[in-house]
Every structure is written in C-alpha cells, then in structure tokens.
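If you scroll down you'll find the structure; I have some questions about it.
Rule-based calculations on the coordinates, nothing more; no lab input. None of the values given here were measured: they were computed from a predicted structure.
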Amino acid sequence: MYRLRFAAGLIGLASLQGIAYAQPPPPPTVAKLQQRLSNVEAELQKIESSKQIDDLTVGDRISREFDAAGSEAKAAFDAAVSQTRTLTQTGGTPSQLGFLKQLETDIRAERDRTEKIVERIGTIDGAIRKGDIKLTTRAIQALTPAERLQFRRTLTKPAENDYKSKMPNLFRGSVEHLTDEQWLALQDCGACQVPVASALHPEGQFALSLQHEEQRGLLSAISDAMMPPAHAALGIGCYAICYASVGVACFECIAAAGAAAVTAYNAWLACKGGCCKCRWYKPWCCFCKGACLTAFLATLA
C-alpha cells in the first residue's frame, strides 16, 4: 500500500513539474490501404474463377475500394509528415524516424501491388471482349438498350455470336463491332480523358488523350501526366536529411513533402474524376481508375 501511495506521489510531482508521460502516437501504417486492395483482389478473383459477371455492381464496389485506398494512403502519409514535424519541434532523435522509412517501403510495395491489380483488370477486359469471361443473362438484362448496344460493339464478332446463340432475345439484329485498334482507343468512353491539376503544368489545364494507348502505355502516361518525374516520390530524400539531423532542414523537407502531397492528391482526384463509371459493360473504366491510383501511390513513395 505504501509503495502504491509513493508511486502516486511521484506521478503527481511529475505532473506539477510539467513532465509529459504521454505515450508517443503509434507509427503510421498502410494496413487500411492493404485491406482496400485485398477487397479489390477478392472481387477480381471471383470473376477470374467463375469466368462470368453476374452482378454489375461489382464495378461500383471496386471503384469505391480504389477511392478509399487512395484516401487511406494520403492519411498514412499525412500522419508520417505530422509525426516527423513534431519530432523536429520537440528535440526528436534520428532513431525515432524508423517509421518514415518503413512507410516509404510499404507504400512502394502497395504501389507495385496496385499495378498488378490494374494489369489483372486489363486481362479481364480482354477476356470480356473475346467472350472468355461472360456477362450472365441477369447482368445483360440489367443493361439499358443503349448500354447493351455499347457492350455488343465492344465484343469480337465470335463472342457476340456465342451470346446470340444463348440469349437470342437479348442479342437481336447486328451491330458494327469495334476493331482492335478502336477498342484500344476506348472510343466509346466519353469521359476517358484525364484532367490534371494545372498546378502541375505551367501551361494550364492538361488533358491526356487515350487514343491508341495500349493498357501498359496508358498506365505510364497517366502516371507521367499526374506527376512529372521530377516531382515523383515525395517522401524520398526527407528520411536521409532527417536521419542526418532532426532539425531545420528536416522540418523544411517534410513541410515541402506535405505540401506536394496535397498537390498530388488533388491531381489524383482530377485523374479519377476523368474516368467513366466503373461498369463492366465498359470494362476499361475500371482500368482507368486503377491506373490513377497507381500513379498517385507512385508520387508518394
């Protein structure tokens, strides 16, 4: 009992003397970002395994997960910036900056993971066009006549003939099919232009034309348009500067990184806002949103 009272007295004395005993905040992590990407992967796995799409709202779910993933990445980056800034103002030591390096490593890993997800979406897109992955009768019936016509045009002729044999009432008459070149140009995607924040380009508002861009090329083009190479990898450099000295140079670097992250975030919002709605009768729209997220993560680490 005496020891408990003595310990309580020490705590009270420390409080009177202004000594802070608060635990440091937990290091920022990408756990929530990882979960969002896992949710996307699970949706894609269902499509790849079943070779069919029965529920068109799967595209809406993937779109929401991509949106949330970008927000989670920004939140983790902001937390790292905030904690590093606090360390520069409270006499922190380089040994306390391990979380900054770890976060960069983790975001890079999720960037690479997102790129693979986008490549999987591209493969699914091609399989839908060729009829290797099919929309079910229920999914076709959920389309408006205009959407159905658009979907039919994206199919290869053999793929549409197969649909006709199984759903003759839904595939009446004939349509003009897009050539491979036209399909790659994504001509039917009326919103498939990627506006980029004018702050990134002195010439002002910039729109990326997707004509004749193959999927891999599209991913690189969106990345370059969102954030030129000179501005990429916002976090790299600050760790080295701050590890050398948690002082003024570190504070200035991390402040600049935080400001640049805001610009990159706004560019991501503009990029994904330029994508058409993620519906599988227009499969390239999901690809566009995933490419915007990949490019955003590339600007963070």
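Non-local amide H neighbours of LEU135 (under 5 Å, H modeled in plane, Pro and chain starts lacking H): which ones?
Close amide H contacts, sequence-distant or interchain: ILE53.
What Kirkwood hydrodynamic radius do you get for the range 25-152 when you take the inverse of the mean 1/r over all pairs of distinct Cα atoms, in Å?
It is 17.1 Å.
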